Amino acid sequence: MEIFDITLPIHPEMLHWGRKPEVEIVESLANGDASNVTRWRLGAHTGTHVDAPAHFVDGATPVDKLDLHSLVGPAVVADLTAVTGDITVADLEAAGVAGQKRILLKTSNSAGPLKEPDRAPSWVGLSPEAAQWLIAERVELIGIDYLTIESHTRTETWDAHHVLLGAGLIILENADLDGVPGGAYELVCLPAKLVGADGSFARAILIKRDA
């Protein structure tokens, strides 16, 4: 089998929406301590991460209560690298993702904005209408290859987030799909079990099994 690690490395200079990770050396062999120990300060939505419904809906499911069956299982990587602007219903239909439970949207973000250290002025995001279509199709997890699944034109109203999370659909953001061909895989996405949290950084991989 072939394993694709779609997780962004976490470090102080990484692409980040707000406060970047901070690392403190607590103990070190170089200073005569018994071992090397570091303390990390980072937000729940750092790097490749999962948005739980509690991110936008008070009282909704937090990240530690998400169903693992939604986070692990067959998934499809939809090649939407030719799309500019918002991903529409027509784009999803043309990609043939109807009926899939777990969908990862590979866009031009992976080879472009995702590789830059600072937030881009624009990126490919999901339209609210496409978000509604995903709910109608009973999708359980939707992923994208940038800081947010939201269009850069809607980061004040957060329309797609309200639609998706309001319906209980899980969002995976900052998935690095640059080296991943479109097609069928097995997704393993395991967010840290942060009790009551609105989201969590995650290790996410795609497995392509030999025929």
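Observations, loosely collected:
- For Ile87, the residues 5 or more places off, or on other chains, whose built amide H falls under 5 Å of its own are Gly125, Leu126, Ser127.
- Note on Val195/Asp79: beta-carbon distance plugged into 1/(1 + (r/R0)^6) with R0 of 41 Å gives a FRET efficiency of 0.65.
- The label point for Met1 and the one for Glu156, both projected 7 Å from the Cα toward the Cβ, are 4.7 nm apart.
- Sequence of Lys106, Lys20 from largest to smallest accessible area, 1.4 Å probe: Lys20, Lys106
- Projecting label points 7 angstrom from Cα along Cα→Cβ for Arg209 and Val26 puts them 4.0 nm apart.
- Reachable aspartates and glutamates, given that their alpha-carbon falls under 20 Å from the alpha-carbon of Lys65 and they are not under 8 places away in the same chain: Asp51, Glu140, Glu173, Asp198
- Euclidean distance between Cα centres, the range 103-164 to the range 19-79, Å: 20 Å
- Estimated at 0.36 nm per residue, the fully extended path between Ala120 and Asn36 surpasses their Cα-Cα distance by 26.7 nm.
- Per residue accessible area of the range 20-87, 1.4 Å probe, in Å²: 55 Å²
- Listed values for the range 151-159 are Karplus-derived 3J(HN,Hα) couplings in whole Hz (6.51 cos²θ - 1.76 cosθ + 1.60, θ = phi - 60°), namely 4, 5, 8, 10, 8, 10, 9, 6, 4, and x replaces Gly and Pro.
- All Cα-Cα distances of the chain, cut into 5 Å bins from zero to the largest, leave 1, 7, 15, 20, 20, 16, 9, 4, 3, 2, 1, 0, 0 percent in each bin in turn.
- Cross-link reach is defined here as a Cα-Cα straight distance under 18 Å, omitting same-chain residues fewer than 8 places apart; for Lys208 the aspartates and glutamates meeting it are Glu2, Asp5, Asp79, Asp176, Asp178, Glu186.
- Net length available on complete extension from Thr88 to Asp178 is 30.3 nm, with 0.36 nm assigned per residue and the Cα-Cα distance removed.
The values are calculated or read from the model by the stated rules, or taken from the named source; none is laboratory data. From a predicted model like this one, the values you see are computed outputs, not experimental measurements. Here the Cβ is made from the backbone with ideal geometry for all residues, glycine too, and neighbour counts use every protein chain on show. These area figures cover heavy atoms from the full protein model, side chains too; ligands, DNA and RNA do not enter into them. Shrake-Rupley method; radii C 1.70, N 1.55, O 1.52, S 1.80 Å.
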